[in-house]
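*Asks:* I have a structure I would like to understand better, so I am pasting it below and will then ask my questions one at a time.
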Amino acid sequence: MITVDIEKKLNARSTQGMLKIAQQFPKGSITKIYGPSGAGKTTLLKVIAGLAKPEKGVIIVDDVSWLDTEKGISLSPQERKTGFVFQHYALFPNMTALQHMHYATHHEPWIKQLLAIGKLETFADQKPEYLSGGQQQRLAILRAMAIKPKLLLMDEPFAALDPDMKTELIRNLQLLWKQLGTTVLIVSHNPQELEGVFDQEVLIKSPIV
Amino acid sequence: MDLSPIFLTLKLAAITTVLLLSIGLPIARWLSKSRSIFKLIIEAIITMPLVLPPSVLGFYLLLAFSPQHGIGKWLRDVFDIQLVFSFPGLILASVIYSLPFMIGPIKSALQQLSPSLAQASYTLGKSERQTFFHVLLPNIRSSVLTAATLTFAHTLGEFGVVLMIGGNIPGVTRVASIAVYDAVENQDYAAANVYSLILFIITFITVISVFVFNKYKAKSPLE
(Lines give C-alpha, C1' and ligand atoms only; values in the text may rest on other atoms or scores of the structure.)
Protein backbone atom coordinates (compact mmCIF):
# COMPACT_ATOMS: atom_id res chain seq x y z
CA MET A 1 0.00 0.00 0.00
CA ILE A 2 1.21 3.49 -0.85
CA THR A 3 -0.01 6.39 1.24
CA VAL A 4 0.46 9.93 -0.01
CA ASP A 5 -0.58 12.96 2.00
CA ILE A 6 1.22 16.07 0.83
CA GLU A 7 0.98 19.82 0.37
CA LYS A 8 3.16 21.42 -2.29
CA LYS A 9 3.31 24.98 -3.61
CA LEU A 10 3.00 24.80 -7.38
CA ASN A 11 5.05 27.93 -7.99
CA ALA A 12 7.64 28.86 -5.39
CA ARG A 13 7.89 32.46 -6.66
CA SER A 14 4.20 33.31 -6.49
CA THR A 15 1.12 32.42 -4.56
CA GLN A 16 -0.49 30.80 -7.61
CA GLY A 17 -1.70 27.72 -5.84
CA MET A 18 -1.19 24.73 -3.65
CA LEU A 19 -1.41 21.06 -4.52
CA LYS A 20 -3.09 19.20 -1.67
CA ILE A 21 -3.67 15.50 -1.97
CA ALA A 22 -4.33 12.67 0.47
CA GLN A 23 -4.69 9.34 -1.30
CA GLN A 24 -3.94 5.66 -0.95
CA PHE A 25 -2.82 3.44 -3.80
CA PRO A 26 -3.23 -0.34 -3.21
CA LYS A 27 -0.21 -2.46 -3.98
CA GLY A 28 -0.21 -3.74 -7.58
CA SER A 29 -3.02 -1.41 -8.61
CA ILE A 30 -3.21 0.87 -11.65
CA THR A 31 -4.39 4.40 -10.91
CA LYS A 32 -5.26 7.00 -13.48
CA ILE A 33 -4.60 10.58 -12.38
CA TYR A 34 -6.38 13.23 -14.38
CA GLY A 35 -7.32 16.85 -14.12
CA PRO A 36 -6.88 20.24 -15.78
CA SER A 37 -3.53 21.60 -16.95
CA GLY A 38 -1.54 23.21 -14.17
CA ALA A 39 -3.39 21.32 -11.44
CA GLY A 40 -0.17 19.66 -10.29
CA LYS A 41 -0.37 16.14 -11.79
CA THR A 42 3.29 16.11 -12.87
CA THR A 43 4.33 17.75 -9.60
CA LEU A 44 2.61 14.95 -7.67
CA LEU A 45 4.61 12.31 -9.55
CA LYS A 46 7.86 14.23 -8.98
CA VAL A 47 7.17 14.56 -5.27
CA ILE A 48 6.55 10.80 -5.01
CA ALA A 49 9.77 10.07 -6.95
CA GLY A 50 11.78 12.42 -4.72
CA LEU A 51 12.49 14.86 -7.55
CA ALA A 52 10.55 17.70 -5.89
CA LYS A 53 10.19 18.56 -2.21
CA PRO A 54 6.77 19.35 -0.78
CA GLU A 55 6.21 21.96 1.93
CA LYS A 56 4.75 19.29 4.16
CA GLY A 57 3.48 15.76 4.14
CA VAL A 58 4.17 12.04 4.33
CA ILE A 59 4.71 9.29 1.78
CA ILE A 60 4.70 5.71 3.04
CA VAL A 61 5.42 2.80 0.70
CA ASP A 62 4.93 -0.72 2.04
CA ASP A 63 5.36 0.52 5.62
CA VAL A 64 8.62 2.31 4.73
CA SER A 65 8.60 6.06 5.22
CA TRP A 66 9.91 7.72 2.05
CA LEU A 67 8.99 11.18 3.23
CA ASP A 68 7.98 12.67 6.53
CA THR A 69 8.57 16.40 6.69
CA GLU A 70 7.88 16.56 10.43
CA LYS A 71 10.47 13.87 11.21
CA GLY A 72 12.90 15.23 8.61
CA ILE A 73 12.81 12.02 6.55
CA SER A 74 13.26 12.31 2.80
CA LEU A 75 14.73 9.42 0.82
CA SER A 76 16.71 10.36 -2.29
CA PRO A 77 15.36 9.51 -5.77
CA GLN A 78 18.08 6.82 -5.95
CA GLU A 79 16.83 5.20 -2.73
CA ARG A 80 13.19 5.34 -3.88
CA LYS A 81 14.14 4.05 -7.38
CA THR A 82 10.70 4.54 -8.86
CA GLY A 83 10.29 3.88 -12.55
CA PHE A 84 9.56 7.28 -14.08
CA VAL A 85 8.29 8.00 -17.58
CA PHE A 86 8.74 11.70 -18.26
CA GLN A 87 6.19 13.59 -20.34
CA HIS A 88 8.90 14.74 -22.76
CA TYR A 89 10.70 11.38 -22.47
CA ALA A 90 14.03 12.73 -21.07
CA LEU A 91 15.99 10.33 -23.26
CA PHE A 92 19.78 10.65 -23.22
CA PRO A 93 20.91 12.11 -26.58
CA ASN A 94 24.32 10.42 -26.35
CA MET A 95 22.95 6.88 -25.95
CA THR A 96 21.42 4.43 -28.40
CA ALA A 97 18.20 2.63 -27.47
CA LEU A 98 20.23 -0.40 -26.35
CA GLN A 99 22.63 1.76 -24.33
CA HIS A 100 19.64 3.30 -22.55
CA MET A 101 18.60 -0.18 -21.50
CA HIS A 102 22.13 -1.19 -20.47
CA TYR A 103 22.44 1.99 -18.41
CA ALA A 104 19.39 0.89 -16.43
CA THR A 105 20.09 -2.86 -16.17
CA HIS A 106 22.54 -5.56 -17.21
CA HIS A 107 19.92 -8.29 -17.30
CA GLU A 108 20.19 -9.25 -21.00
CA PRO A 109 17.09 -11.51 -21.33
CA TRP A 110 15.00 -8.79 -19.66
CA ILE A 111 16.35 -6.15 -22.05
CA LYS A 112 15.56 -8.41 -25.01
CA GLN A 113 12.04 -9.01 -23.74
CA LEU A 114 11.39 -5.30 -23.22
CA LEU A 115 12.74 -4.30 -26.63
CA ALA A 116 10.45 -6.90 -28.19
CA ILE A 117 7.43 -5.57 -26.29
CA GLY A 118 8.24 -2.03 -27.45
CA LYS A 119 8.99 -3.26 -30.99
CA LEU A 120 12.35 -1.56 -30.88
CA GLU A 121 14.67 -4.51 -31.62
CA THR A 122 15.53 -3.22 -35.08
CA PHE A 123 16.13 0.28 -33.70
CA ALA A 124 18.38 -0.81 -30.83
CA ASP A 125 21.42 0.92 -32.34
CA GLN A 126 19.64 4.21 -33.01
CA LYS A 127 20.04 7.32 -30.91
CA PRO A 128 16.87 9.21 -29.88
CA GLU A 129 17.25 11.88 -32.58
CA TYR A 130 16.78 9.17 -35.23
CA LEU A 131 13.67 7.68 -33.60
CA SER A 132 10.10 8.80 -34.26
CA GLY A 133 8.03 10.38 -31.48
CA GLY A 134 6.22 7.09 -30.84
CA GLN A 135 9.47 5.13 -30.72
CA GLN A 136 11.01 7.65 -28.32
CA GLN A 137 7.99 7.35 -26.06
CA ARG A 138 8.18 3.56 -26.08
CA LEU A 139 11.90 3.71 -25.27
CA ALA A 140 11.16 6.01 -22.31
CA ILE A 141 8.62 3.44 -21.03
CA LEU A 142 11.01 0.51 -21.55
CA ARG A 143 13.86 2.33 -19.79
CA ALA A 144 11.64 2.91 -16.75
CA MET A 145 10.55 -0.74 -16.81
CA ALA A 146 14.15 -1.95 -17.11
CA ILE A 147 14.77 -1.46 -13.37
CA LYS A 148 11.74 -3.68 -12.55
CA PRO A 149 10.19 -0.92 -10.43
CA LYS A 150 7.87 -1.65 -7.55
CA LEU A 151 6.29 1.74 -8.23
CA LEU A 152 5.95 3.11 -11.75
CA LEU A 153 5.08 6.76 -12.34
CA MET A 154 4.03 7.63 -15.88
CA ASP A 155 3.40 11.16 -17.13
CA GLU A 156 1.22 11.16 -20.27
CA PRO A 157 3.01 7.98 -21.41
CA PHE A 158 0.91 7.00 -24.41
CA ALA A 159 0.19 10.40 -26.00
CA ALA A 160 2.41 9.86 -29.08
CA LEU A 161 1.32 6.27 -29.83
CA ASP A 162 -1.15 5.21 -32.50
CA PRO A 163 -4.28 3.41 -31.16
CA ASP A 164 -3.24 -0.12 -32.23
CA MET A 165 0.29 0.20 -30.86
CA LYS A 166 -1.08 1.72 -27.65
CA THR A 167 -3.58 -1.12 -27.07
CA GLU A 168 -0.98 -3.82 -27.67
CA LEU A 169 1.69 -2.12 -25.59
CA ILE A 170 -0.66 -1.55 -22.65
CA ARG A 171 -1.78 -5.19 -22.79
CA ASN A 172 1.83 -6.40 -22.66
CA LEU A 173 2.77 -3.92 -19.95
CA GLN A 174 -0.18 -5.05 -17.81
CA LEU A 175 1.19 -8.60 -17.91
CA LEU A 176 4.60 -7.37 -16.77
CA TRP A 177 3.12 -5.19 -14.02
CA LYS A 178 1.15 -8.17 -12.73
CA GLN A 179 4.23 -10.40 -12.86
CA LEU A 180 6.37 -7.82 -10.99
CA GLY A 181 3.61 -6.66 -8.61
CA THR A 182 4.19 -3.10 -9.81
CA THR A 183 1.95 -0.30 -8.56
CA VAL A 184 1.30 2.10 -11.43
CA LEU A 185 0.25 5.75 -11.41
CA ILE A 186 -0.57 7.11 -14.86
CA VAL A 187 -1.16 10.81 -15.44
CA SER A 188 -3.49 11.59 -18.30
CA HIS A 189 -5.24 14.80 -19.30
CA ASN A 190 -7.79 12.81 -21.30
CA PRO A 191 -10.77 11.65 -19.17
CA GLN A 192 -11.66 8.92 -21.70
CA GLU A 193 -8.16 7.45 -21.94
CA LEU A 194 -7.28 4.09 -20.36
CA GLU A 195 -10.88 2.96 -19.94
CA GLY A 196 -10.88 -0.62 -18.66
CA VAL A 197 -7.19 -0.48 -17.73
CA PHE A 198 -7.11 1.33 -14.40
CA ASP A 199 -8.39 0.07 -11.05
CA GLN A 200 -9.05 3.52 -9.62
CA GLU A 201 -8.94 7.11 -10.83
CA VAL A 202 -7.99 10.26 -8.98
CA LEU A 203 -9.08 13.72 -10.02
CA ILE A 204 -6.61 16.50 -9.25
CA LYS A 205 -8.68 19.63 -9.19
CA SER A 206 -7.52 23.14 -9.99
CA PRO A 207 -5.01 24.26 -7.37
CA ILE A 208 -6.21 25.88 -4.17
CA VAL A 209 -5.36 29.60 -4.35
CA MET B 1 67.66 31.09 -31.47
CA ASP B 2 66.51 30.03 -28.02
CA LEU B 3 63.18 28.22 -28.36
CA SER B 4 62.90 27.32 -24.67
CA PRO B 5 60.31 30.10 -24.02
CA ILE B 6 58.01 28.46 -26.61
CA PHE B 7 58.36 25.00 -25.04
CA LEU B 8 57.92 26.46 -21.57
CA THR B 9 54.75 28.25 -22.71
CA LEU B 10 53.31 25.08 -24.25
CA LYS B 11 54.17 23.12 -21.09
CA LEU B 12 52.52 25.78 -18.91
CA ALA B 13 49.39 25.88 -21.11
CA ALA B 14 49.06 22.08 -21.19
CA ILE B 15 49.46 21.65 -17.40
CA THR B 16 47.10 24.55 -16.69
CA THR B 17 44.45 23.11 -19.03
CA VAL B 18 44.64 19.62 -17.50
CA LEU B 19 44.50 20.99 -13.94
CA LEU B 20 41.62 23.32 -14.78
CA LEU B 21 39.67 20.52 -16.46
CA SER B 22 39.88 18.42 -13.31
CA ILE B 23 38.84 21.21 -10.94
CA GLY B 24 36.65 23.15 -13.38
CA LEU B 25 34.21 20.33 -14.15
CA PRO B 26 33.02 19.77 -10.55
CA ILE B 27 32.93 23.51 -9.84
CA ALA B 28 30.91 24.16 -13.02
CA ARG B 29 28.48 21.37 -12.08
CA TRP B 30 28.08 22.78 -8.59
CA LEU B 31 27.49 26.30 -9.91
CA SER B 32 25.02 25.10 -12.56
CA LYS B 33 22.69 23.70 -9.93
CA SER B 34 20.27 25.88 -7.93
CA ARG B 35 21.43 29.41 -7.22
CA SER B 36 22.17 30.97 -3.85
CA ILE B 37 23.81 34.20 -2.70
CA PHE B 38 26.89 32.21 -1.64
CA LYS B 39 27.19 30.69 -5.14
CA LEU B 40 26.77 34.12 -6.76
CA ILE B 41 29.65 35.46 -4.67
CA ILE B 42 31.87 32.50 -5.60
CA GLU B 43 30.92 32.94 -9.26
CA ALA B 44 31.78 36.63 -9.09
CA ILE B 45 35.19 35.82 -7.59
CA ILE B 46 35.85 33.22 -10.31
CA THR B 47 34.85 35.76 -13.00
CA MET B 48 37.05 38.55 -11.59
CA PRO B 49 40.17 37.62 -13.65
CA LEU B 50 38.16 38.39 -16.80
CA VAL B 51 37.92 42.08 -15.91
CA LEU B 52 40.72 42.65 -13.40
CA PRO B 53 44.03 44.00 -14.81
CA PRO B 54 46.41 41.00 -14.84
CA SER B 55 49.07 43.06 -13.08
CA VAL B 56 46.68 43.61 -10.14
CA LEU B 57 46.03 39.89 -9.81
CA GLY B 58 49.76 39.21 -10.20
CA PHE B 59 50.60 41.81 -7.55
CA TYR B 60 48.30 40.25 -4.97
CA LEU B 61 49.53 36.74 -5.80
CA LEU B 62 53.08 38.02 -5.39
CA LEU B 63 52.20 39.43 -1.96
CA ALA B 64 50.27 36.31 -0.93
CA PHE B 65 53.02 33.88 -1.88
CA SER B 66 56.02 35.98 -0.91
CA PRO B 67 58.25 33.79 1.31
CA GLN B 68 58.60 36.69 3.74
CA HIS B 69 55.09 36.46 5.16
CA GLY B 70 51.65 34.85 5.15
CA ILE B 71 50.88 31.75 3.11
CA GLY B 72 54.19 32.02 1.22
CA LYS B 73 56.19 31.93 4.48
CA TRP B 74 54.12 28.99 5.75
CA LEU B 75 54.65 27.06 2.49
CA ARG B 76 58.39 27.67 2.65
CA ASP B 77 58.74 26.82 6.37
CA VAL B 78 56.52 23.72 6.35
CA PHE B 79 56.91 22.24 2.85
CA ASP B 80 60.03 24.02 1.61
CA ILE B 81 58.02 25.31 -1.38
CA GLN B 82 58.58 28.71 -2.92
CA LEU B 83 55.95 29.75 -5.44
CA VAL B 84 57.14 33.20 -6.48
CA PHE B 85 59.66 33.27 -9.34
CA SER B 86 59.18 29.54 -9.92
CA PHE B 87 57.37 27.39 -12.52
CA PRO B 88 54.85 25.97 -9.97
CA GLY B 89 54.04 29.61 -9.12
CA LEU B 90 53.33 30.28 -12.80
CA ILE B 91 51.01 27.26 -12.89
CA LEU B 92 49.10 28.47 -9.84
CA ALA B 93 48.75 31.98 -11.28
CA SER B 94 47.64 30.60 -14.66
CA VAL B 95 45.06 28.33 -13.05
CA ILE B 96 43.55 31.25 -11.15
CA TYR B 97 43.76 33.61 -14.13
CA SER B 98 42.17 31.17 -16.62
CA LEU B 99 39.51 29.79 -14.25
CA PRO B 100 36.61 31.73 -15.84
CA PHE B 101 37.58 30.53 -19.34
CA MET B 102 37.19 26.91 -18.25
CA ILE B 103 34.18 27.25 -15.96
CA GLY B 104 32.05 29.73 -17.96
CA PRO B 105 31.33 27.64 -21.08
CA ILE B 106 30.89 24.38 -19.12
CA LYS B 107 28.51 25.95 -16.62
CA SER B 108 26.40 27.52 -19.39
CA ALA B 109 26.21 24.22 -21.27
CA LEU B 110 25.13 22.33 -18.13
CA GLN B 111 22.44 24.92 -17.43
CA GLN B 112 21.10 24.52 -20.96
CA LEU B 113 20.60 20.77 -20.54
CA SER B 114 17.09 19.80 -19.49
CA PRO B 115 16.98 19.03 -15.73
CA SER B 116 14.91 15.95 -16.58
CA LEU B 117 18.02 14.23 -18.02
CA ALA B 118 19.70 14.13 -14.62
CA GLN B 119 16.36 13.35 -12.95
CA ALA B 120 15.79 10.38 -15.27
CA SER B 121 19.21 9.06 -14.34
CA TYR B 122 18.54 9.47 -10.59
CA THR B 123 15.29 7.50 -10.86
CA LEU B 124 17.30 4.66 -12.40
CA GLY B 125 19.28 4.58 -9.15
CA LYS B 126 22.36 6.32 -10.54
CA SER B 127 24.48 8.55 -8.30
CA GLU B 128 25.43 12.19 -8.96
CA ARG B 129 28.85 11.05 -10.18
CA GLN B 130 27.49 8.35 -12.52
CA THR B 131 24.92 10.80 -13.87
CA PHE B 132 27.58 13.44 -14.47
CA PHE B 133 30.02 11.17 -16.30
CA HIS B 134 27.52 9.02 -18.25
CA VAL B 135 24.71 11.46 -19.03
CA LEU B 136 25.67 15.13 -18.57
CA LEU B 137 29.31 15.25 -19.68
CA PRO B 138 28.85 13.33 -22.97
CA ASN B 139 26.09 15.76 -23.92
CA ILE B 140 28.23 18.89 -23.41
CA ARG B 141 31.35 17.54 -25.12
CA SER B 142 31.63 20.43 -27.58
CA SER B 143 31.45 23.00 -24.76
CA VAL B 144 34.12 21.16 -22.77
CA LEU B 145 36.36 21.18 -25.83
CA THR B 146 35.71 24.90 -26.30
CA ALA B 147 36.50 25.59 -22.65
CA ALA B 148 39.72 23.57 -22.74
CA THR B 149 40.85 25.27 -25.95
CA LEU B 150 40.06 28.74 -24.67
CA THR B 151 41.98 27.98 -21.49
CA PHE B 152 44.95 26.68 -23.45
CA ALA B 153 44.97 29.65 -25.86
CA HIS B 154 44.49 32.15 -23.04
CA THR B 155 47.41 30.70 -21.10
CA LEU B 156 49.63 30.95 -24.19
CA GLY B 157 49.06 34.70 -24.23
CA GLU B 158 49.40 35.48 -20.51
CA PHE B 159 51.76 38.32 -19.76
CA GLY B 160 51.02 40.60 -16.82
CA VAL B 161 50.22 38.02 -14.19
CA VAL B 162 53.09 35.78 -15.33
CA LEU B 163 55.60 38.63 -15.25
CA MET B 164 54.51 39.70 -11.76
CA ILE B 165 54.70 36.30 -10.09
CA GLY B 166 57.34 34.62 -12.27
CA GLY B 167 59.63 37.38 -13.39
CA ASN B 168 61.89 36.64 -16.34
CA ILE B 169 64.15 33.70 -15.44
CA PRO B 170 65.37 31.88 -18.59
CA GLY B 171 64.27 28.25 -18.68
CA VAL B 172 62.19 28.63 -15.50
CA THR B 173 59.63 31.42 -15.90
CA ARG B 174 60.55 33.12 -19.16
CA VAL B 175 57.52 32.25 -21.29
CA ALA B 176 57.03 33.31 -24.93
CA SER B 177 55.05 36.50 -24.24
CA ILE B 178 57.81 37.71 -21.91
CA ALA B 179 60.49 36.68 -24.40
CA VAL B 180 58.74 38.87 -27.01
CA TYR B 181 58.70 41.82 -24.60
CA ASP B 182 62.30 41.19 -23.63
CA ALA B 183 63.45 41.00 -27.28
CA VAL B 184 61.69 44.26 -28.11
CA GLU B 185 63.27 45.92 -25.07
CA ASN B 186 66.66 44.81 -26.42
CA GLN B 187 65.71 45.99 -29.93
CA ASP B 188 66.06 42.42 -31.22
CA TYR B 189 63.06 42.65 -33.52
CA ALA B 190 63.99 39.50 -35.46
CA ALA B 191 63.74 37.35 -32.32
CA ALA B 192 60.53 39.15 -31.25
CA ASN B 193 59.09 38.41 -34.69
CA VAL B 194 59.96 34.69 -34.52
CA TYR B 195 58.40 34.28 -31.05
CA SER B 196 55.33 36.28 -32.08
CA LEU B 197 54.87 34.36 -35.31
CA ILE B 198 55.14 30.98 -33.58
CA LEU B 199 52.60 32.08 -30.92
CA PHE B 200 50.30 33.40 -33.65
CA ILE B 201 50.44 30.12 -35.60
CA ILE B 202 49.91 27.92 -32.51
CA THR B 203 46.96 30.05 -31.38
CA PHE B 204 45.42 30.04 -34.87
CA ILE B 205 45.70 26.25 -35.18
CA THR B 206 44.19 25.84 -31.70
CA VAL B 207 41.20 28.06 -32.46
CA ILE B 208 40.58 26.69 -35.98
CA SER B 209 40.59 23.13 -34.63
CA VAL B 210 37.71 24.03 -32.31
CA PHE B 211 35.83 25.48 -35.29
CA VAL B 212 36.33 22.20 -37.16
CA PHE B 213 35.43 19.92 -34.21
CA ASN B 214 32.36 21.97 -33.35
CA LYS B 215 31.29 22.53 -36.93
CA TYR B 216 27.94 20.80 -36.51
CA LYS B 217 27.55 21.09 -32.76
CA ALA B 218 27.83 24.78 -31.94
CA LYS B 219 26.96 27.98 -33.73
CA SER B 220 30.22 29.58 -32.68
CA PRO B 221 33.45 28.17 -31.23
CA LEU B 222 33.01 30.52 -28.31
CA GLU B 223 29.57 29.06 -27.50
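The values are calculated or read from the model by the stated rules, or taken from the named source; none is laboratory data. Because the structure is a prediction, the values reported are computed rather than measured. No Cβ is skipped: glycine too gets one built from the backbone with ideal geometry, and neighbour counts run over all protein chains shown. Calculation scope for accessible area: heavy atoms of the full protein, side chains included, ligands and nucleic acids excluded. Shrake-Rupley method; radii C 1.70, N 1.55, O 1.52, S 1.80 Å.
*Asks:* Peptide A:81-88: average number of partner chain Cβ atoms within 10 Å per residue? Numbers along the way, then the final one.
*Replies:* On the way: counts 5, 3, 2, 6, 2, 6, 1, 2.
Going residue by residue through A:81-88 and averaging, the value is 3.
*Asks:* Related question: Do you know which residues of segment A:41-74 lose at least 30 square angstrom of accessible area in the protein assembly compared with their chain on its own, with a 1.4 angstrom probe?
*Replies:* Those are A:LEU51, which lose 30 Å² or more relative to the chain on its own.
*Asks:* So what does B:PHE101 come to for accessible area, using a 1.4 Å probe and Å² rounded to 10?
*Replies:* 50 Å²
*Asks:* How far, in degrees from 0 to 90, does helix B:4-32 lean away from the longest principal axis of the Cα atoms of chain B, to the nearest 10?
*Replies:* With both axes taken from Cα atoms, the answer is about 30 degrees.
*Asks:* Under the rule of -39500 (n - 2.57) per DSSP H run of 4 or more residues, summed and divided by the residues of chain A, what mean residue ellipticity at 222 nm is obtained, to the nearest 500 deg cm²/dmol? It would help to have the intermediate numbers written out before the result.
*Replies:* On the way: 6 runs with 63 residues, N = 209.
One gets -9000 deg cm²/dmol as the mean residue ellipticity at 222 nm.
*Asks:* What value, in deg cm²/dmol to 500, does the helix sum -39500 (n - 2.57) over DSSP H runs of n ≥ 4 give at 222 nm once divided by the residues of chain B? Kindly include the intermediate steps, with their values, before the conclusion.
*Replies:* On the way: 11 runs with 157 residues, N = 223.
Value at 222 nm, helices only: -23000 deg cm²/dmol.
*Asks:* Give, ordered by residue number, each residue of segment B:92-132 whose 1.4 Å probe accessible area is reduced by a minimum of 30 Å² on adding the remaining protein chains to the chain alone.
*Replies:* SASA drop of 30 Å² or more in segment B:92-132: B:SER116, B:LEU117, B:GLN119, B:ALA120, B:TYR122, B:THR123, B:LEU124, B:GLY125, B:LYS126.
*Asks:* Given a 1.4 Å probe, how much area per residue of segment B:4-213 is accessible, in Å²? Let's see the in-between values first.
*Replies:* Details: 10220 Å² over 210 residues.
Normalised by residue count, the accessible surface of segment B:4-213 is 49 Å².
*Asks:* Count the net charge of all other residues whose Cβ sits under 14 Å from the Cβ of A:ALA22, scoring Lys and Arg as +1 and Asp and Glu as -1. Don't jump to the answer; show the numbers that get you there.
*Replies:* Values: positive: A:LYS8, A:LYS20, A:LYS56, A:LYS205; negative: A:ASP5, A:GLU7.
Summing Lys and Arg as +1 and Asp and Glu as -1 gives +2.
*Asks:* Another question about this same structure. Determine the relative contact order of chain A: mean sequence separation of Cα pairs under 8 Å and six or more apart, normalised by residue count, in whole percent.
*Replies:* On the way: 375 pairs, mean separation 67.5, N = 209.
The normalised contact order for chain A reaches 32 percent.
*Asks:* Please pull out the direction-averaged projected area of the protein assembly as shown, using the convex hull of its alpha-carbon atoms, in nm² to one decimal place.
*Replies:* 26.7 nm²
*Asks:* Next question. Rounded to a whole number, what % of the accessible area of segment B:4-81 do carbon and sulfur atoms account for, probe 1.4 Å? Intermediate results must be reported in sequence, preceding the final value.
*Replies:* Details: 3470 of 4560 Å².
C and S atoms contribute 76 percent here.
*Asks:* Hey, another quick one. Just to compare against my own numbers: the Cα pair-distance distribution for chain A, 5 Å bins, whole % per bin, please.
*Replies:* 1, 7, 15, 19, 19, 16, 12, 7, 3, 0, 0
*Asks:* Can you give me the distance in nm between label points at B:ARG35 and B:ARG141, each placed 7 Å from the Cα along the Cα-to-Cβ direction?
*Replies:* Here the answer is 3.1 nm between the modelled labels.
*Asks:* So, R0 is 60 Å and r is the distance between the beta-carbons of B:LYS11 and A:ASP68; what FRET efficiency does that work out to, to 0.05? Walk me through the numbers before you get to the answer.
*Replies:* On the way: r = 56 Å, r/R0 = 0.94.
Efficiency computed from Cβ-Cβ geometry: 0.60.
*Asks:* Here's a follow-up. Please give the FRET efficiency for A:GLN174 paired with B:ALA64, using the beta carbon to beta carbon distance and R0 = 56 Å, rounded to the nearest 0.05. Show your work: numbers first, answer last.
*Replies:* Values: r = 67 Å, r/R0 = 1.20.
So, using R0 = 56 Å, E works out to roughly 0.25.
*Asks:* How high is the relative contact order of segment A:33-96, in percent, counting Cα pairs under 8 Å that sit 6 or more residues apart?
*Replies:* Details: 47 pairs, mean separation 13.6, N = 64.
After rounding, I find 21 percent.
*Asks:* Let me cross-check A:LYS56: its accessible surface, 1.4 Å probe, with only protein heavy atoms counted, in Å² to the nearest 10?
*Replies:* 110 Å²
*Asks:* Starting from the Cα gyration tensor of chain B, take the square roots of the eigenvalues, sort them a ≥ b ≥ c, and report rounded, prolate or oblate (rounded when a/c is under 1.5, otherwise prolate if a/b is larger than b/c, else oblate). Write down the numbers at each step before the final one.
*Replies:* Values: a/c = 2.53, a/b = 1.48, b/c = 1.71.
In terms of gyration-tensor shape, oblate.
*Asks:* Report ³J(HN,Hα) in whole Hz for each residue of segment B:41-50, in order, from the Karplus equation J = 6.51 cos²θ - 1.76 cosθ + 1.60 where θ = phi - 60°; Gly and Pro get x.
*Replies:* 5, 4, 5, 5, 5, 5, 7, 3, x, 5
*Asks:* Would you please give the residues with an amide H less than 5 Å from that of A:VAL85, counting only those at least 5 places away or on a separate chain, with H modeled from the backbone geometry?
*Replies:* Amide H neighbours of A:VAL85: A:LEU153, A:MET154, A:ASP155.
*Asks:* Here's a follow-up. Which of the chymotrypsin sites (Phe, Trp or Tyr not before Pro) found in segment B:113-183 are loop residues per DSSP with 16 or fewer other Cβ atoms within 10 Å of their Cβ?
*Replies:* Details: sites: B:TYR122, B:PHE132, B:PHE133, B:PHE152, B:PHE159, B:TYR181; in loops: B:PHE159.
Sparse-neighbourhood loop chymotrypsin sites (Phe, Trp or Tyr not before Pro): B:PHE159.
*Asks:* Hey, if we sort B:LYS11, A:LYS178, A:LYS205 by accessible area with the 1.4 Å probe, largest down, what's the order?
*Replies:* In descending accessible area the options line up as A:LYS178, A:LYS205, B:LYS11.
*Asks:* Roughly how many Å² is the accessible area per residue of segment A:16-130, as a whole number, for a 1.4 Å probe?
*Replies:* On the way: 5550 Å² over 115 residues.
Roughly 48 Å² per residue, with all protein chains present.
*Asks:* Also: Give the relative contact order (percent, whole number) for segment B:4-213; include only Cα pairs under 8 Å separated by 6+ residues. All intermediate terms of the calculation are to be shown ahead of the outcome.
*Replies:* Details: 247 pairs, mean separation 65.4, N = 210.
It comes to 31 percent, rounded to a whole number.
*Asks:* Now for a separate question. Measure nothing fancy, just the Cα-based angle from helix B:176-185's long axis to the longest principal axis of chain B, in degrees from 0 to 90, nearest 10.
*Replies:* 30 degrees
*Asks:* Can you give the % of DSSP beta bridges in the protein assembly as shown that are antiparallel, to the nearest 5? Walk me through the numbers on the way to the answer.
*Replies:* On the way: 21 of 37 bridges.
Restricted to the protein assembly as shown, the bridges split so that about 55 percent are antiparallel.
*Asks:* Can you give me the % of accessible surface on segment A:3-153 that is carbon or sulfur? Probe 1.4 Å, all protein chains present, nothing else counted. Please list the in-between numbers first.
*Replies:* On the way: 3360 of 6900 Å².
Its accessible area is 49 percent carbon and sulfur atoms.
*Asks:* Between A:ALA22 and A:THR167, what is the label-to-label distance in nm when each label sits 7 Å out along the Cα-to-Cβ direction?
*Replies:* Roughly 4.2 nm, to one decimal.
*Asks:* Give the A-B buried accessible area in Å², both sides summed, 1.4 Å probe, nearest 100.
*Replies:* Numbers: alone 10720 and 12240 Å², together 21430 Å².
Chains A and B together bury roughly 1500 Å² of accessible area.
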